[in-house]
Amino acid sequence: MSKPPSSSLGFRQRRKEHQDMCGILIIISGVRIDLSSLLPDSTICSSLSGETANFLFSVDDIKAALRRRGPDSLGSKSIFLHADEERTLQSSVEEENAIEESHFIDIPVLNNTSFGKLIFVGATLQLRGVYPITQPLVDKSGNILIYNGEVFGGIELNSDTNDTEVLMKSLKECCNCLSHEHEDTCRNGKYSVPEFLSKIKGPWALIYWQENSKTIWFGRDAFGRRSLLVHWPSIKDLRFMLSSVSPPSAIDELNFWEELPCGVYSMAMSASKMDGNLVGEVKRHNWTDPLLEELIEWERTFVEPKPEDLTKMFSSEQRGHLHQKVLAALKESVRRRTIFSEIHLSSSPVAVLFSGGLDSMILAALLDQCLDSKFEIDLLNVSFDGELAPDRISAMAGVKELRKIVPLRRWNLVEIDAELSKLTTETKRVLSLIYPSNTYMDLNIGIALWLAAGGDGCMSNVVAMGAIELSSEKAVGVD
């Protein structure tokens, strides 16, 4: 009996062509980037008026890369900056339906005043919220937010609330202090931006324009669970850029991108009193949550425990209690990651990257306890050696055990087979996704995740025959 394919045409269109997570981008032209706070005695200039535009890739290239990450919507906004006669910075927001290359060229000078431009682009994969949204979000005050992440705690929201909208409202309440902590003398906000971002529990990367202070806030969570690349202006490309992903055309350029170190950053815009040129001063801010700082600085000590050591350290009752605490923490973690709005659910809303080993078996079992029994669970297994691969053998044994323990749940083992030597196109794409990581180990892991995220395989031991359509909510932790 032949195995039915796991993917229908609708799945291929929505899933194979896209990666799962939102994509964010900002491109800045016409502003001198001052890095002296990060790198003493260092100042890097972006494309100023009169300079010849020099770009390594087109806007369409990077938009295409972002689009794969956010299949639900793609939007953009522009901010134009200029200094008035008194060298006070002025800004105006413009919505763009199409971003043309000419928007980044010919930043003009009128009456000895420089003009700058900020382009915000957001590609959205929406898992939360009742109503569809399009990034960037812009509020009535002119603040702009593009966000890639999930909030699991620290901020109050429910399953029908879109976390991007909640963040936007909360950020509006922030003061415009550039200090690490909210100052008692500040009266124009409840807390500082670093204070607020330190509260978020969950993976995130964001870019936020604070209109009243003419400041760009950007960064990623303390553990770097969402990608954010930075390009500091150079001879190869005069633009300042932050992006979730690199276009494939840029990965061959050595040191073009670097991964933004985890943390919160600000870029305060101003007009130079000397020549009227626009300047963006970059600063890095500390986390205000002491626990975050403690976790970041914590170093794991290598310990090789022996059974007799555990017996001496803990009684049987204590060991049982510790086991339950660990399982409870894991279960709560899984539960928070499987809270979806009903409108975003399909018959099989979640998939597990499944080897049949201890980790994936525990994850699948906990997922069963957190997800309504009416939903199917897809177990994605990638093999470069067909049925002979150890992970394929253990996966088949694992799904058999799961079906025995939880017979009312439909478990779909999706067998994804591939030959590394025939993945030339995929290799180019994955290299751009994992950039700047570029070792063979990085590539092998990245290829496996890419294939699993595509879910293009065969069903194993399925009772009901036919094509199964998997939804784009499934990829877990794949950029």
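The values are calculated or read from the model by the stated rules, or taken from the named source; none is laboratory data. As the structure is a computational prediction, the values presented were derived from the model and not from experiment. Here Cβ is always computed from backbone atoms with ideal geometry, including for glycine, and neighbour counts include all displayed protein chains. Surface accessibility is based on the protein's heavy atoms, side chains included, excluding ligands, DNA and RNA. Shrake-Rupley method; radii C 1.70, N 1.55, O 1.52, S 1.80 Å.
Before moving on, here are some points about what is shown:
- Anisotropy class assigned to region 241-377 is prolate, per the alpha carbon gyration tensor with a/c at or over the 1.5 cut-off and a/b larger than b/c.
- Chain lengthening between Ala397 and Ser272 when straightened (0.36 nm per residue, less Cα-Cα): 38.2 nm
- Accessible carbon and sulfur surface of region 136-178 relative to its total accessible area, %, 1.4 Å: 41
- Checked against a 26 Å cut-off, the cross-linked pairs Lys236/Lys273; Lys140/Lys214; Lys201/Lys312; Lys236/Lys428; Lys169/Lys283; Lys199/Lys325 give Cα-Cα distances beyond that limit for Lys236/Lys273; Lys201/Lys312.
- Report note on the peptides 312-322, 55-65, 214-224, 330-340: ranked by the mean count of other C-beta atoms within 10 Å, highest first, their order is 214-224, 55-65, 330-340, 312-322.
- Point-to-point label distance, Ile235-Ile155, nm (Cα→Cβ direction, 7 Å offset): 4.2
- Between region 327-397 and region 212-257, the C-alpha centres lie 33 angstrom from each other.
- Under Karplus coefficients 6.51, -1.76 and 1.60, residue-wise ³J(HN,Hα) of region 450-457 in Hz, glycine/proline x: 4, 5, 5, 5, x, x, 8, x
- Cβ-Cβ FRET estimate between Leu420 and Glu259, R0 fixed at 41 Å, reported to 0.05: 0.95
- Shape of region 355-398, Cα gyration tensor, a/c cut at 1.5: prolate
- Taking amide H as placed 1.01 Å from N in the peptide plane, Asn54 has its amide H under 5 Å from the amide H of Leu238, each at least 5 places away in sequence or on another chain.
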